[in-house]
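The values are calculated or read from the model by the stated rules, or taken from the named source; none is laboratory data. The shown structure was predicted, so the numbers you read here are calculated from the model rather than taken from an experiment. FYI the Cβ positions are ideal-geometry reconstructions off the backbone, even for glycines, and counts take in every protein chain you see. Ligands, DNA and RNA are excluded from the accessible area calculation, which covers all protein heavy atoms including side chains. Shrake-Rupley method; radii C 1.70, N 1.55, O 1.52, S 1.80 Å.
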Amino acid sequence: MKIATILGTRPEIIKLSPLIPLLDKEFEQVLIHTGQHYSYTMDEIFFEDLKLRDCDYTLNVGSGTHAQQTGKMIMKLEEVLLNEKPDVVLVQGDTNSTFAGAITASKLQIKVVHVEAGCRSFDRKMPEEINRTLVDHCSDFLFAPDKKAFNNLVAEGVPREKIYLVGNTSIDACLRAMKLFNQDKLNDFSLEKENYALLTIHRQENTGHEKLKEILNAINTITDRLKVVFPVHLRTKNIIDEYEIQINDNLILTDPLGYKDFMGLLANSKFVMTDSGGVQEEAAVLNVPCLILRDNTEWMSYVELGKNMLLGTDQRKIAEYVVDLLNNEGKLDDMKQIKAYIKEGASENIISILKTELIFKQ
Ligand code: UD1
Ligand code: UDP
(Lines give C-alpha, C1' and ligand atoms only; values in the text may rest on other atoms or scores of the structure.)
(Ligands and ions follow the chains in the order given, each with its own letter.)
Protein backbone atom coordinates (compact mmCIF):
# COMPACT_ATOMS: atom_id res chain seq x y z
CA MET A 1 0.00 0.00 0.00
CA LYS A 2 1.63 3.23 -1.17
CA ILE A 3 0.69 6.60 0.36
CA ALA A 4 1.85 9.92 -1.06
CA THR A 5 1.92 12.59 1.64
CA ILE A 6 1.88 16.15 0.32
CA LEU A 7 2.95 19.19 2.32
CA GLY A 8 4.17 22.68 1.51
CA THR A 9 3.97 25.14 4.40
CA ARG A 10 5.14 25.65 7.97
CA PRO A 11 1.92 24.47 9.68
CA GLU A 12 1.63 21.40 7.47
CA ILE A 13 5.17 20.33 8.35
CA ILE A 14 4.46 20.81 12.07
CA LYS A 15 1.03 19.18 12.10
CA LEU A 16 2.17 16.21 9.99
CA SER A 17 5.35 15.73 12.03
CA PRO A 18 3.89 13.05 14.33
CA LEU A 19 2.25 11.24 11.42
CA ILE A 20 5.14 11.06 8.93
CA PRO A 21 7.27 8.54 10.89
CA LEU A 22 4.20 6.41 11.61
CA LEU A 23 3.25 6.37 7.93
CA ASP A 24 6.82 5.32 7.07
CA LYS A 25 6.52 2.43 9.51
CA GLU A 26 3.14 1.12 8.38
CA PHE A 27 3.04 1.95 4.66
CA GLU A 28 5.28 2.70 1.73
CA GLN A 29 5.28 6.51 1.93
CA VAL A 30 6.36 9.01 -0.73
CA LEU A 31 6.84 12.43 0.87
CA ILE A 32 6.26 15.34 -1.52
CA HIS A 33 7.04 19.00 -0.72
CA THR A 34 5.39 21.50 -3.06
CA GLY A 35 7.90 24.22 -2.14
CA GLN A 36 5.16 26.73 -1.24
CA HIS A 37 7.31 27.70 1.75
CA TYR A 38 11.02 27.60 0.93
CA SER A 39 12.93 30.13 3.07
CA TYR A 40 15.02 28.37 5.75
CA THR A 41 13.00 29.92 8.60
CA MET A 42 9.66 28.86 7.09
CA ASP A 43 10.67 25.38 5.99
CA GLU A 44 13.93 23.54 6.64
CA ILE A 45 14.23 24.65 10.27
CA PHE A 46 11.09 22.60 11.05
CA PHE A 47 12.56 19.46 9.48
CA GLU A 48 15.58 19.98 11.75
CA ASP A 49 13.65 20.86 14.93
CA LEU A 50 11.20 18.01 14.53
CA LYS A 51 13.82 15.54 13.26
CA LEU A 52 11.91 14.72 10.11
CA ARG A 53 13.34 12.74 7.25
CA ASP A 54 14.07 14.32 3.86
CA CYS A 55 11.28 14.61 1.31
CA ASP A 56 11.36 12.32 -1.71
CA TYR A 57 10.31 15.13 -4.03
CA THR A 58 10.61 18.91 -3.73
CA LEU A 59 8.67 20.70 -6.44
CA ASN A 60 10.09 24.22 -5.85
CA VAL A 61 6.83 25.94 -6.76
CA GLY A 62 7.57 29.01 -4.64
CA SER A 63 5.47 32.16 -4.29
CA GLY A 64 2.97 33.73 -6.69
CA THR A 65 -0.67 34.66 -7.07
CA HIS A 66 -3.13 32.01 -5.91
CA ALA A 67 -3.71 30.85 -9.50
CA GLN A 68 -0.03 30.80 -10.46
CA GLN A 69 1.00 28.98 -7.31
CA THR A 70 -1.84 26.45 -7.35
CA GLY A 71 -1.62 25.91 -11.10
CA LYS A 72 2.11 25.15 -10.96
CA MET A 73 1.56 22.76 -8.08
CA ILE A 74 -1.18 20.87 -9.91
CA MET A 75 0.96 20.41 -13.02
CA LYS A 76 4.02 19.26 -11.07
CA LEU A 77 2.04 17.04 -8.70
CA GLU A 78 0.29 15.32 -11.59
CA GLU A 79 3.64 14.31 -13.04
CA VAL A 80 4.87 12.88 -9.73
CA LEU A 81 1.63 11.06 -8.97
CA LEU A 82 1.50 9.54 -12.46
CA ASN A 83 5.06 8.37 -11.97
CA GLU A 84 4.67 7.06 -8.39
CA LYS A 85 1.13 5.65 -8.75
CA PRO A 86 0.24 5.83 -5.05
CA ASP A 87 -2.94 4.12 -3.83
CA VAL A 88 -3.77 7.09 -1.62
CA VAL A 89 -2.80 10.76 -1.31
CA LEU A 90 -2.75 12.38 2.13
CA VAL A 91 -3.05 16.15 2.64
CA GLN A 92 -3.38 18.29 5.76
CA GLY A 93 -5.19 21.54 6.51
CA ASP A 94 -6.27 24.31 4.17
CA THR A 95 -3.41 25.79 2.17
CA ASN A 96 -2.93 26.02 -1.57
CA SER A 97 -0.69 22.94 -1.28
CA THR A 98 -3.53 21.06 0.42
CA PHE A 99 -5.96 22.03 -2.31
CA ALA A 100 -3.55 21.28 -5.17
CA GLY A 101 -2.76 17.86 -3.69
CA ALA A 102 -6.40 16.90 -3.24
CA ILE A 103 -7.66 18.12 -6.61
CA THR A 104 -4.79 16.53 -8.54
CA ALA A 105 -5.25 13.18 -6.82
CA SER A 106 -9.02 13.12 -7.17
CA LYS A 107 -8.82 13.86 -10.93
CA LEU A 108 -6.42 10.91 -11.24
CA GLN A 109 -8.95 8.83 -9.28
CA ILE A 110 -6.57 8.34 -6.40
CA LYS A 111 -8.21 8.22 -2.97
CA VAL A 112 -7.73 11.37 -0.90
CA VAL A 113 -7.16 11.47 2.86
CA HIS A 114 -7.76 14.87 4.50
CA VAL A 115 -6.25 15.42 7.92
CA GLU A 116 -7.96 18.28 9.84
CA ALA A 117 -11.17 17.98 7.82
CA GLY A 118 -14.35 19.91 8.51
CA CYS A 119 -12.90 23.08 10.09
CA ARG A 120 -14.99 26.09 9.08
CA SER A 121 -14.78 29.81 9.87
CA PHE A 122 -17.83 30.40 7.62
CA ASP A 123 -15.90 33.30 6.09
CA ARG A 124 -15.66 32.78 2.35
CA LYS A 125 -13.29 35.74 2.01
CA MET A 126 -10.54 33.61 3.54
CA PRO A 127 -8.64 31.68 0.86
CA GLU A 128 -8.27 28.90 3.44
CA GLU A 129 -12.06 28.51 3.80
CA ILE A 130 -12.36 27.90 0.06
CA ASN A 131 -9.45 25.46 0.09
CA ARG A 132 -10.67 23.37 3.04
CA THR A 133 -14.26 23.21 1.81
CA LEU A 134 -13.25 22.06 -1.67
CA VAL A 135 -10.74 19.57 -0.29
CA ASP A 136 -13.34 18.05 2.02
CA HIS A 137 -15.73 17.56 -0.85
CA CYS A 138 -13.24 15.61 -2.97
CA SER A 139 -11.84 13.52 -0.09
CA ASP A 140 -12.52 9.87 0.65
CA PHE A 141 -11.26 9.76 4.24
CA LEU A 142 -12.01 12.85 6.31
CA PHE A 143 -10.26 13.04 9.66
CA ALA A 144 -12.03 15.63 11.81
CA PRO A 145 -10.10 17.16 14.72
CA ASP A 146 -13.14 17.91 16.90
CA LYS A 147 -16.90 17.44 17.19
CA LYS A 148 -17.64 20.80 15.57
CA ALA A 149 -15.63 19.89 12.48
CA PHE A 150 -17.36 16.50 12.35
CA ASN A 151 -20.79 18.14 12.54
CA ASN A 152 -19.88 20.71 9.86
CA LEU A 153 -19.16 17.89 7.43
CA VAL A 154 -22.39 16.08 8.24
CA ALA A 155 -24.30 19.36 7.77
CA GLU A 156 -22.69 19.81 4.33
CA GLY A 157 -23.90 16.38 3.27
CA VAL A 158 -20.60 14.50 3.32
CA PRO A 159 -21.51 10.81 3.75
CA ARG A 160 -21.03 9.84 7.39
CA GLU A 161 -19.08 6.70 6.54
CA LYS A 162 -16.28 8.87 5.15
CA ILE A 163 -15.88 10.96 8.34
CA TYR A 164 -13.81 9.95 11.37
CA LEU A 165 -13.51 11.95 14.58
CA VAL A 166 -9.86 11.35 15.48
CA GLY A 167 -8.59 14.42 17.36
CA ASN A 168 -5.93 16.88 16.46
CA THR A 169 -2.41 16.02 15.28
CA SER A 170 -1.31 19.52 16.31
CA ILE A 171 -1.88 18.45 19.93
CA ASP A 172 0.29 15.37 19.35
CA ALA A 173 3.03 17.53 17.81
CA CYS A 174 2.93 19.98 20.70
CA LEU A 175 2.83 17.42 23.54
CA ARG A 176 5.52 15.25 21.98
CA ALA A 177 7.93 18.13 21.32
CA MET A 178 7.35 19.83 24.68
CA LYS A 179 10.57 18.64 26.27
CA LEU A 180 12.47 20.24 23.41
CA PHE A 181 10.94 23.72 23.88
CA ASN A 182 13.73 26.18 24.19
CA GLN A 183 13.80 29.18 26.52
CA ASP A 184 16.96 30.79 25.08
CA LYS A 185 14.94 33.48 23.31
CA LEU A 186 13.76 34.86 26.68
CA ASN A 187 17.39 35.69 27.49
CA ASP A 188 18.11 36.92 23.97
CA PHE A 189 15.26 39.45 24.20
CA SER A 190 15.70 40.21 27.96
CA LEU A 191 12.26 38.88 28.80
CA GLU A 192 10.96 37.65 32.13
CA LYS A 193 8.62 34.68 32.29
CA GLU A 194 4.95 35.68 32.02
CA ASN A 195 5.90 39.32 31.72
CA TYR A 196 5.62 39.73 27.95
CA ALA A 197 3.09 39.01 25.22
CA LEU A 198 3.68 37.12 21.99
CA LEU A 199 2.29 38.32 18.66
CA THR A 200 1.87 36.67 15.24
CA ILE A 201 0.11 38.11 12.19
CA HIS A 202 0.13 36.69 8.70
CA ARG A 203 -3.40 36.21 7.35
CA GLN A 204 -4.05 37.67 3.91
CA GLU A 205 -6.96 39.71 5.34
CA ASN A 206 -4.68 41.22 8.05
CA THR A 207 -1.69 42.03 5.88
CA GLY A 208 -3.12 44.63 3.55
CA HIS A 209 -0.96 47.62 4.52
CA GLU A 210 -3.79 49.65 6.05
CA LYS A 211 -5.13 46.83 8.20
CA LEU A 212 -1.64 45.80 9.27
CA LYS A 213 -0.82 49.38 10.20
CA GLU A 214 -4.02 49.57 12.28
CA ILE A 215 -3.19 46.38 14.18
CA LEU A 216 0.43 47.38 14.79
CA ASN A 217 -0.59 50.88 15.91
CA ALA A 218 -2.80 49.23 18.53
CA ILE A 219 0.08 47.01 19.66
CA ASN A 220 2.45 50.03 19.75
CA THR A 221 0.14 51.74 22.23
CA ILE A 222 0.34 48.87 24.73
CA THR A 223 4.09 48.44 24.66
CA ASP A 224 4.60 51.06 27.37
CA ARG A 225 2.85 48.55 29.67
CA LEU A 226 4.29 45.28 28.41
CA LYS A 227 6.97 44.05 26.03
CA VAL A 228 5.58 42.30 22.96
CA VAL A 229 7.66 39.81 20.93
CA PHE A 230 6.71 39.53 17.29
CA PRO A 231 8.27 36.76 15.16
CA VAL A 232 7.37 38.18 11.78
CA HIS A 233 6.04 35.95 8.99
CA LEU A 234 7.83 36.81 5.73
CA ARG A 235 4.58 37.95 4.06
CA THR A 236 4.09 40.43 6.91
CA LYS A 237 7.73 41.54 6.93
CA ASN A 238 7.49 42.51 3.27
CA ILE A 239 4.55 44.83 4.03
CA ILE A 240 6.13 46.36 7.16
CA ASP A 241 9.27 47.13 5.13
CA GLU A 242 7.52 48.37 2.01
CA TYR A 243 5.17 50.73 3.87
CA GLU A 244 7.69 51.63 6.58
CA ILE A 245 5.16 50.86 9.31
CA GLN A 246 6.21 52.37 12.62
CA ILE A 247 7.34 49.96 15.34
CA ASN A 248 7.89 51.10 18.95
CA ASP A 249 10.95 50.04 20.95
CA ASN A 250 9.17 47.54 23.19
CA LEU A 251 7.63 45.77 20.21
CA ILE A 252 10.44 43.33 19.52
CA LEU A 253 10.52 42.14 15.93
CA THR A 254 12.40 39.00 15.03
CA ASP A 255 12.68 36.63 12.07
CA PRO A 256 10.20 33.75 11.99
CA LEU A 257 11.34 31.28 14.66
CA GLY A 258 11.83 27.54 14.64
CA TYR A 259 9.26 25.43 16.48
CA LYS A 260 11.38 24.87 19.61
CA ASP A 261 12.13 28.59 20.06
CA PHE A 262 8.62 29.74 19.18
CA MET A 263 6.94 27.27 21.51
CA GLY A 264 9.38 28.16 24.30
CA LEU A 265 8.29 31.78 23.93
CA LEU A 266 4.61 30.85 23.75
CA ALA A 267 4.71 28.60 26.80
CA ASN A 268 6.26 31.34 28.95
CA SER A 269 4.22 34.30 27.72
CA LYS A 270 1.58 36.16 29.71
CA PHE A 271 -0.75 35.90 26.71
CA VAL A 272 -0.60 35.61 22.94
CA MET A 273 -2.25 37.78 20.26
CA THR A 274 -2.54 35.98 16.96
CA ASP A 275 -4.40 35.41 13.72
CA SER A 276 -2.82 31.98 13.27
CA GLY A 277 -4.95 28.86 13.34
CA GLY A 278 -2.23 26.64 14.76
CA VAL A 279 -1.24 29.06 17.52
CA GLN A 280 -4.85 29.16 18.80
CA GLU A 281 -4.74 25.40 19.28
CA GLU A 282 -1.29 25.44 20.85
CA ALA A 283 -2.24 28.21 23.27
CA ALA A 284 -5.11 26.04 24.49
CA VAL A 285 -2.78 23.05 24.93
CA LEU A 286 -0.20 25.11 26.83
CA ASN A 287 -2.86 26.99 28.81
CA VAL A 288 -1.78 30.41 27.57
CA PRO A 289 -4.58 33.01 27.22
CA CYS A 290 -5.12 33.72 23.53
CA LEU A 291 -6.57 36.88 21.97
CA ILE A 292 -7.54 36.16 18.38
CA LEU A 293 -6.94 39.05 15.98
CA ARG A 294 -9.76 38.01 13.65
CA ASP A 295 -13.54 38.36 13.47
CA ASN A 296 -14.11 34.63 13.15
CA THR A 297 -12.23 31.38 13.62
CA GLU A 298 -12.43 27.75 12.58
CA TRP A 299 -11.43 26.82 16.17
CA MET A 300 -14.62 27.95 17.94
CA SER A 301 -14.72 25.34 20.70
CA TYR A 302 -11.91 27.09 22.60
CA VAL A 303 -13.69 30.44 22.17
CA GLU A 304 -17.04 29.07 23.36
CA LEU A 305 -15.32 27.64 26.42
CA GLY A 306 -13.89 31.08 27.22
CA LYS A 307 -10.33 29.82 26.85
CA ASN A 308 -9.55 31.86 23.73
CA MET A 309 -11.09 35.23 22.93
CA LEU A 310 -12.20 36.56 19.51
CA LEU A 311 -10.92 40.13 19.74
CA GLY A 312 -11.10 41.28 16.09
CA THR A 313 -8.80 43.76 14.38
CA ASP A 314 -10.20 47.18 15.27
CA GLN A 315 -7.35 49.40 16.50
CA ARG A 316 -9.19 50.99 19.39
CA LYS A 317 -10.79 47.70 20.51
CA ILE A 318 -7.43 45.90 20.64
CA ALA A 319 -5.74 48.72 22.56
CA GLU A 320 -8.58 49.17 25.05
CA TYR A 321 -9.10 45.48 25.65
CA VAL A 322 -5.44 44.77 26.32
CA VAL A 323 -5.04 47.73 28.66
CA ASP A 324 -8.14 46.59 30.54
CA LEU A 325 -6.68 43.08 30.75
CA LEU A 326 -3.44 44.43 32.18
CA ASN A 327 -5.41 46.44 34.75
CA ASN A 328 -7.52 43.40 35.69
CA GLU A 329 -5.15 40.46 35.55
CA GLY A 330 -7.77 38.31 37.24
CA LYS A 331 -9.34 38.00 33.78
CA LEU A 332 -6.20 36.26 32.52
CA ASP A 333 -6.27 33.93 35.53
CA ASP A 334 -9.92 33.15 34.79
CA MET A 335 -9.01 32.19 31.22
CA LYS A 336 -6.29 29.92 32.58
CA GLN A 337 -8.66 28.18 35.00
CA ILE A 338 -10.84 26.94 32.15
CA LYS A 339 -9.92 23.42 31.13
CA ALA A 340 -10.00 22.65 27.41
CA TYR A 341 -10.41 19.07 26.20
CA ILE A 342 -6.89 18.15 25.17
CA LYS A 343 -6.37 14.57 24.04
CA GLU A 344 -3.25 13.04 22.53
CA GLY A 345 -3.32 10.24 19.98
CA ALA A 346 -4.93 11.60 16.79
CA SER A 347 -1.94 10.38 14.77
CA GLU A 348 -2.28 6.79 16.01
CA ASN A 349 -6.06 6.92 15.44
CA ILE A 350 -5.47 7.95 11.82
CA ILE A 351 -2.94 5.18 11.23
CA SER A 352 -5.20 2.56 12.76
CA ILE A 353 -8.19 3.61 10.60
CA LEU A 354 -6.07 3.73 7.43
CA LYS A 355 -4.68 0.25 8.15
CA THR A 356 -8.16 -1.16 8.70
CA GLU A 357 -9.72 0.51 5.67
CA LEU A 358 -6.86 0.25 3.19
CA ILE A 359 -5.23 -3.04 4.11
CA PHE A 360 -7.52 -5.32 6.12
CA LYS A 361 -10.75 -4.51 4.29
CA GLN A 362 -9.26 -4.69 0.77
C1 UD1 B 1 0.13 30.21 3.58
C2 UD1 B 1 -1.29 29.67 3.58
C3 UD1 B 1 -1.95 29.98 4.92
C4 UD1 B 1 -1.11 29.50 6.08
C5 UD1 B 1 0.31 30.04 5.95
C6 UD1 B 1 1.16 29.43 7.02
C7 UD1 B 1 -2.44 29.65 1.43
C8 UD1 B 1 -3.47 30.31 0.60
N9 UD1 B 1 -2.10 30.29 2.54
O10 UD1 B 1 0.04 31.62 3.69
O11 UD1 B 1 -3.20 29.31 4.98
O12 UD1 B 1 -1.69 29.94 7.28
O13 UD1 B 1 0.86 29.69 4.68
O14 UD1 B 1 2.27 30.22 7.31
O15 UD1 B 1 -1.97 28.59 1.10
N16 UD1 B 1 7.36 33.98 1.66
C17 UD1 B 1 8.72 33.94 1.69
N18 UD1 B 1 9.33 32.74 1.95
C19 UD1 B 1 8.64 31.62 2.19
C20 UD1 B 1 7.25 31.67 2.14
C21 UD1 B 1 6.62 32.86 1.87
O22 UD1 B 1 9.40 34.95 1.50
O23 UD1 B 1 9.24 30.58 2.44
C24 UD1 B 1 6.69 35.27 1.39
C25 UD1 B 1 6.57 35.57 -0.10
O26 UD1 B 1 6.69 36.95 -0.27
C27 UD1 B 1 5.14 35.14 -0.40
C28 UD1 B 1 4.41 35.47 0.90
O29 UD1 B 1 5.36 35.22 1.92
O30 UD1 B 1 4.58 35.80 -1.50
C31 UD1 B 1 3.17 34.65 1.14
O32 UD1 B 1 3.46 33.25 1.07
P33 UD1 B 1 2.30 32.21 0.67
O34 UD1 B 1 2.79 30.83 0.83
O35 UD1 B 1 1.70 32.56 -0.64
O36 UD1 B 1 1.17 32.49 1.72
P37 UD1 B 1 1.26 32.54 3.30
O38 UD1 B 1 0.88 33.91 3.73
O39 UD1 B 1 2.55 32.00 3.77
N1 UDP C 1 5.28 28.94 14.41
C2 UDP C 1 6.66 28.81 14.52
N3 UDP C 1 7.44 29.93 14.44
C4 UDP C 1 6.91 31.17 14.30
C5 UDP C 1 5.49 31.29 14.19
C6 UDP C 1 4.72 30.15 14.24
O7 UDP C 1 7.17 27.71 14.69
O8 UDP C 1 7.68 32.15 14.25
C9 UDP C 1 4.47 27.71 14.40
C10 UDP C 1 3.37 27.65 15.45
O11 UDP C 1 3.85 27.06 16.62
C12 UDP C 1 2.32 26.81 14.77
C13 UDP C 1 2.52 27.08 13.30
O14 UDP C 1 3.80 27.69 13.17
O15 UDP C 1 2.56 25.43 14.98
C16 UDP C 1 1.45 27.98 12.80
O17 UDP C 1 1.75 28.40 11.51
P18 UDP C 1 1.10 29.68 10.88
O19 UDP C 1 0.65 30.58 11.93
O20 UDP C 1 2.10 30.17 9.89
O21 UDP C 1 -0.11 29.08 10.05
P22 UDP C 1 -1.62 28.69 10.42
O23 UDP C 1 -1.61 27.76 11.57
O24 UDP C 1 -2.36 29.95 10.67
O25 UDP C 1 -2.09 28.06 9.16
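Output the number of residues of segment 183-206 satisfying the condition of being part of a loop (DSSP other than H, G, I, E, B), within 12 Å of ligand 2 (Cβ to nearest atom) and either modelled with pLDDT under 95 or open to solvent by less than 30 Å² (accessible area, probe 1.4 Å) (or both).
Adding up the residues that qualify gives 2.
Sort out which residues of segment 199-236 are in contact (Cβ under 8 Å) with a residue 12 or more places away in the chain and among the charged types (D, E, K, R), and write them in order of number.
Correct list: Arg203, Glu205, Lys211, Lys213, Glu214, Asp224, Arg225, Lys227, Arg235.
State which residue is farthest from Val166 (Cα to Cα) when the search covers only segment 332-347 and only residues that are more than 20 Å from the chain's Cα centre (by Cα) and open to solvent by less than 80 Å² (accessible area, probe 1.4 Å).
This residue is Leu332.
Give the residues of segment 83-95 that are assigned to a strand (DSSP E or B) and crowded, with 24+ Cβ neighbours inside 10 Å, sorted by residue number.
Correct list: Val89, Leu90, Val91, Gln92.
Read through the list (1) within 11 Å of ligand 1 (Cβ to nearest atom); (2) open to solvent by 10 Å² or more (accessible area, probe 1.4 Å); (3) in contact with a helix residue (DSSP H, G or I) (Cβ under 6 Å, 6 or more places away or on another chain); (4) not β-branched (Val, Ile, Thr), then give the number of the only condition that Glu44 fails.
Single failed check for Glu44: (3).
Looking at segment 51-71 only, could you name the residues that are open to solvent by less than 70 Å² (accessible area, probe 1.4 Å) and not in a loop (DSSP other than H, G, I, E, B)?
Tyr57, Gln69, Thr70, Gly71
Given the condition of a type in the set (D, E, K, R), in contact with a helix residue (DSSP H, G or I) (Cβ under 9 Å, 6 or more places away or on another chain) and over 28 Å from Glu12 (Cβ atoms), answer yes or no: does some residue in segment 265-281 qualify?
yes
Restrict the check to segment 207-216 and report whether at least one residue is closer than 29 Å to Asn268 by Cα and in a loop (DSSP other than H, G, I, E, B).
Scanning segment 207-216, I find at least one residue that is closer than 29 Å to Asn268 by Cα and in a loop (DSSP other than H, G, I, E, B), so the answer is yes.
Name the residues in segment 72-128 that are farther than 23 Å from Thr169 by Cβ and among the polar types (S, T, N, Q), would you?
Of everything in segment 72-128, those that are farther than 23 Å from Thr169 by Cβ and among the polar types (S, T, N, Q) turn out to be Asn83, Gln109.
List the pairs whose first member sits in segment 1-23 and is more than 24 Å from Glu344 (Cβ to Cβ), whose second member is near ligand 2 (Cβ under 10 Å from one of its atoms), and whose Cβ atoms are under 7 Å apart, counting only residues at least 6 apart or on separate chains?
Listed pairs, sorted by first residue: Gly8/His37; Gly8/Thr95.
Do you know which of the residues in segment 1-41 that are among the aromatic types (Phe, Trp, Tyr) and outside any helix (DSSP H, G or I) is farthest from ligand 1 (Cβ to nearest atom)?
Filtering first and then ranking leaves Phe27.
Report yes if Lys15 is within 16 Å of ligand 2 (Cβ to nearest atom) and either over 27 Å from Trp299 (Cβ atoms) or buried (at least 17 other Cβ atoms within 10 Å of the Cβ) (or both), otherwise no.
Yes: the conditions hold for Lys15.
With a cut-off of at least 3 residues that are open to solvent by less than 40 Å² (accessible area, probe 1.4 Å) and of a type in the set (Phe, Trp, Tyr), name the strands (runs of 3 or more DSSP E) lying wholly within segment 96-167.
none
Just to check your reading of the model, which residue among Ile74, Ile45 is under 26 Å from Asp261 (Cα atoms) and part of a helix (DSSP H, G or I)?
Only one candidate qualifies: Ile45.
Can you tell me which residue in segment 231-241 is farthest from ligand 1 (Cβ to nearest atom), limited to those that are open to solvent by 10 Å² or more (accessible area, probe 1.4 Å) and in contact with a His (Cβ under 7 Å, 6 or more places away or on another chain)?
Here the answer is Ile239.
Quick one: which residue in Asp314, Asp255 is touching a residue at least 60 places away in the same chain (Cβ under 8 Å), within 10 Å of ligand 2 (Cβ to nearest atom) and not aromatic (Phe, Trp, Tyr)?
One residue alone meets the criteria, Asp255.
Hey, which of the helices (runs of 4 or more DSSP H) in segment 300-362, taking only ones fully inside, have at least 3 residues that are farther than 30 Å from Val88 by Cβ?
300-305, 315-327, 330-337
Is it true that Arg294 is within 11 Å of ligand 2 (Cβ to nearest atom) and touching a residue at least 60 places away in the same chain (Cβ under 8 Å)?
Taking the combined requirement at face value, the residue satisfies it.
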